[in-house]
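The values are calculated or read from the model by the stated rules, or taken from the named source; none is laboratory data. Not measured: the values here are computed from a predicted model. Virtual Cβ from ideal backbone geometry, glycine too; neighbours counted across all protein chains shown. Note: areas computed on protein heavy atoms with side chains; ligands, DNA, RNA excluded. Shrake-Rupley method; radii C 1.70, N 1.55, O 1.52, S 1.80 Å.
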Amino acid sequence: MPHDTTLIGTVVAGLGVAFLMGALAQRLKISPIAGYLLAGILVGPFTPGFVADTGLAMQLAEIGVILLMFGVGLHFSLKDLMSVRKIAVPGAIVQIAVASGLGIALGLWLGWSIAGSAVFGLALSVASTVVLLRALQARDMVETEKGRIAVGWLIVEDLVMVLALVLLPAMFGSRGDEGNGAGLLQSAGIVVAKVIAFVAFMVVVARRVLPWVLHWVAHTGSRELFRLAVLAIALGVAFGAAVVFDVSFALGAFFAGMILGETQLSRRAAEETLPLRDAFAVLFFVSVGMLFDPKVLVEQPGPVIATVAIIVVGKSVAAYWIVRAFGHGSQTAMTVSVSLAQIGEFSFILAGLGVGLEVLPETGRDLILAGALLSILFNPILFTLAVKRIRSDADMAEEVVEVPAADTAPPCNAGVVLIGYGRVGSHIGSLICGRGEGLTVIEDQKDMAAAARAAGATVIVGDATKDSVLRQAGIEEASTLLIAIPEGVEAGAVVRKARAINPKLVIVARAHSDEEVADLVRRGADHVVMAERETASRMAERAMLTRA
C-alpha cells in the first residue's frame, strides 16, 4: 500500500469482526459482549490470521471509556454523588482491601513476592468502568439508588487506583530515597492535592465556562458544530485532567459530563455522543480479547479458576455484605455486588506497570487478563440471574425499575399513558392534566420527568422499550397509549411490546416519514400522526379561511 493503514486496519478489523461475532452471539441468545471478546481473540496476536495493532486498539478503547463516563456524568449530578458518599467511600475501600487480601494470598501460594502479590491483589479489586456502566444502562439502573451507589463506588475505586499508579513507581522504581516512608508520604500528598485541585477547578471554573460555551454553540444553530463542541469538551477535559492533574481520563470525563448535565442541553449532548460511545465501547471489549492468550487456560487451569473465583465470588460476597451492613436491602446489595464482579482497564494498567517494574511476574499478568476476560464474559449472565432474583421477590418488586423518592406518591390509575415528555409530550401532558384527567408519563430524563411531575402526572423513570417499565406504568389496564418520542425505531419497539401486553389498547404514535408511519401501523399502532402532514393540513386550512 502507498501509505500506512495500521489505524484503519485496526478499526475495520475490530468493528467488522465484532459485528459478525456479536450478531452470532445475538442469534445464540447470549450477550453480544461474548461476541466482541471472541472477535478480539480472533484478531489478536495469539491466533492465526490477521493481527490488529494491540497498542492502537487500547488507545481507541480508552476513547470509549472517556465517552462512556462523560455520558454517565450527563445523567449524574453532584448531589447524586454526594448522596451515596457515606456508603460508596467506606464500602469501596473495604471491598478493595478484601479483594486485595485474597489476591495476595493467592500470589503467595503461587510463590511470588509480597510486593508482586500486592500488585496482583490490587489489580483484582477494581471493576471495569465500561462493563459496569453498560450493564446498568442496559437495565435502566444508572439513575436508581442501586445505580448511584455502584457509580459512586466506581469513582472511589478510580481514585484509589490513581493513587496506586503514582505510588508504585515511587516504591519500586528505584531503591533510593523515593522508596522511603517520607518519599511515599510526599507522593501520596501530591496526588491528593492534585485531585482536590482538579475538583476545585471543575466546580469553580469549568462549571461556569463549559455551559456557557455549549449554550453559545447551540445558539449558532449548527448541529455539526454542537456535536463537535460536545466531543471536544469530553475528550479535552479528560485529556487535560490526566496531563495537568494526573487523574484518570475516566474521572475527568465524568466530571465534565456532570457539569454539563446541570444544563438544559444535557439531553441533546447525550444524544450526539451516543453513536460514538457505542462504537468505541465495542472496541474496548475487542481490545480485551486481543490481550488474551488462550494457552493460559490449558497451562494453568488451577490458578485461572482461583483468580476468577476471587473476582466473581470473593468481591461479590464482600460487596454484598458491605452494602447490607449499611442498612440497604438485599436487592440493592445484589445489584451492586454483581456490578463489581469483573475487572477491566485499570487492572491491565496495573499489571503492565507491575511487570515493567519487575515486581509482578508475567504469569500474574496472564492470570489478570484471563480473569478479566472470563469475568466480563460471565457478568451479563450474573446480572440476568440477579435481575430475575429481584423480580421473583414479590415484596420488593417495585425495585426492578426504581422510581426516585419524589415519585413515591400513590399511582392515579390513569387510563392514559404518555411516553416522552419533550416538546410534543409536554404539550400533550399540559392539555390532559389541565383538564384534571389522570396521566402516567414514562420518561428517562430527569429534567423532563421533573417537569411532568410538576404538571401533575404520575412519572415512571425508565426506558419505555422495556416490558417491566410498561407494566409498572399500568399498561395492562390502560385504555390509551400516546407515544410522543421522535425516535421511530424505539417507538416501533414500544408499540409491539405494548400491543402484546394489552391487545385492547388504543395506541397513538408520532412519525416523521411515510416509512415510519407504515412501520408503526404494521407493528400495531391504531393512529399515527405525521408532523409534516398535520402542519401542511393546518396551514392549508388557514389559507382557505383567509381567502374566504
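Worth pointing out:
- Just one of the listed residues (442, 460, 485) is closer than 25 Å to residue 268 by Cα, touching a Ser or Thr at 6+ places or on another chain (Cβ under 7 Å) and β-branched (Val, Ile, Thr), and it is 460.
- Pick from the range 43-60, criterion touching a residue at least 60 places away in the same chain (Cβ under 8 Å) and open to solvent by 60 Å² or more (accessible area, probe 1.4 Å), ranking: farthest from residue 253 (Cα to Cα): 46
- Subset of the range 314-329 (residues that are free of Cβ contacts under 8 Å to residues at least 12 places away in the same chain and farther than 19 Å from residue 93 by Cβ): none
- The set of residues in the range 1-42 being in a loop (DSSP other than H, G, I, E, B) and either under 17 Å from residue 281 (Cβ atoms) or modelled with pLDDT of 85 or more (or both) consists of 31 alone.
- Hits in the range 502-524 - residues which are over 15 Å from residue 416 (Cα atoms) and of a type in the set (A, V, I, L, M): 511, 517, 518, 520, 521
- Check on residue 238, of a type in the set (A, V, I, L, M), closer than 21 Å to residue 126 by Cα and surrounded by fewer than 18 Cβ atoms within 10 Å (Cβ to Cβ): no
- Answer from 96, 63, 104 - the residue that is buried (at least 22 other Cβ atoms within 10 Å of the Cβ) and in contact with a Phe, Trp or Tyr (Cβ under 8 Å, 6 or more places away or on another chain): 63
- Where strands (runs of 3 or more DSSP E) fall entirely within the range 396-493, none has at least 1 residues that are at pLDDT below 80 and aliphatic (A, V, I, L, M).
- Residues of the range 522-540 satisfying the condition of being in a helix (DSSP H, G or I) and open to solvent by less than 100 Å² (accessible area, probe 1.4 Å): 523, 531, 532, 534, 535, 536, 537, 540
- Any hit, the range 534-541, residues being in contact with a strand residue (DSSP E or B) (Cβ under 9 Å, 6 or more places away or on another chain), under 21 Å from residue 432 (Cβ atoms) and not aromatic (Phe, Trp, Tyr): no
- Selection of first residues in the range 417-429 that are under 17 Å from residue 464 (Cα atoms) and of second residues that are of a type in the set (Asp, Glu) and assigned to a strand (DSSP E or B), restricted to Cβ pairs under 7 Å at least 6 apart or on distinct chains, gives the following pairs, ordered by first then second residue: 420/443; 421/443.
- Among the residues of the range 286-305, those that are part of a helix (DSSP H, G or I) and open to solvent by 30 Å² or more (accessible area, probe 1.4 Å) comprise 291, 295, 297, 298, 299, 301, 302, 305.
Conditions (1) open to solvent by less than 20 Å² (accessible area, probe 1.4 Å); (2) touching a residue at least 60 places away in the same chain (Cβ under 8 Å); (3) within 17 Å of the chain's Cα centre (by Cα), marked per residue:
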position	(1), (2), (3)
344	yes, yes, yes
347	yes, yes, no
366	no, yes, no
370	yes, yes, no
378	no, yes, no
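- Members of the range 498-516 found to be within 33 Å of the chain's Cα centre (by Cα) and at pLDDT 85 or above, listed by number: 498, 499, 500, 501, 502, 507, 508, 509, 510
For (1) open to solvent by 40 Å² or more (accessible area, probe 1.4 Å); (2) over 28 Å from residue 263 (Cβ atoms); (3) without any contact (Cβ under 8 Å) to a residue 24 or more places away in the chain, each residue gets a yes or a no:
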| site | (1), (2), (3) |
| --- | --- |
| 452 | no, no, no |
| 456 | yes, no, yes |
| 468 | no, yes, no |
| 475 | no, yes, no |
| 520 | no, yes, no |
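- Within the range 16-42, being surrounded by 15 or more Cβ atoms within 10 Å (Cβ to Cβ) and farther than 24 Å from residue 343 by Cβ holds for 19, 24.
- Some residue of the range 111-130 being modelled with pLDDT under 75 and either open to solvent by less than 30 Å² (accessible area, probe 1.4 Å) or not in a helix (DSSP H, G or I) (or both): yes
- Cβ separations smaller than 7 Å between residues 6+ apart or across chains give the following pairs from the range 91-114 residues that are touching a residue at least 12 places away in the same chain (Cβ under 8 Å) and closer than 13 Å to residue 307 by Cβ to residues that are surrounded by fewer than 22 Cβ atoms within 10 Å (Cβ to Cβ) and among the hydrophobic types (A, V, I, L, M, F, W, C): 106/306.
- For the range 266-285, the count of residues that are in contact (Cβ under 8 Å) with a residue 40 or more places away in the chain, outside any helix (DSSP H, G or I) and either open to solvent by less than 10 Å² (accessible area, probe 1.4 Å) or of a type outside the set (Val, Ile, Thr) (or both) is zero.
- If the condition is being open to solvent by 20 Å² or more (accessible area, probe 1.4 Å) and closer than 14 Å to residue 206 by Cβ, then the range 241-254 contributes 244, 245.
- Residue 236 vs. criteria at negative phi and in contact with a helix residue (DSSP H, G or I) (Cβ under 6 Å, 6 or more places away or on another chain): no
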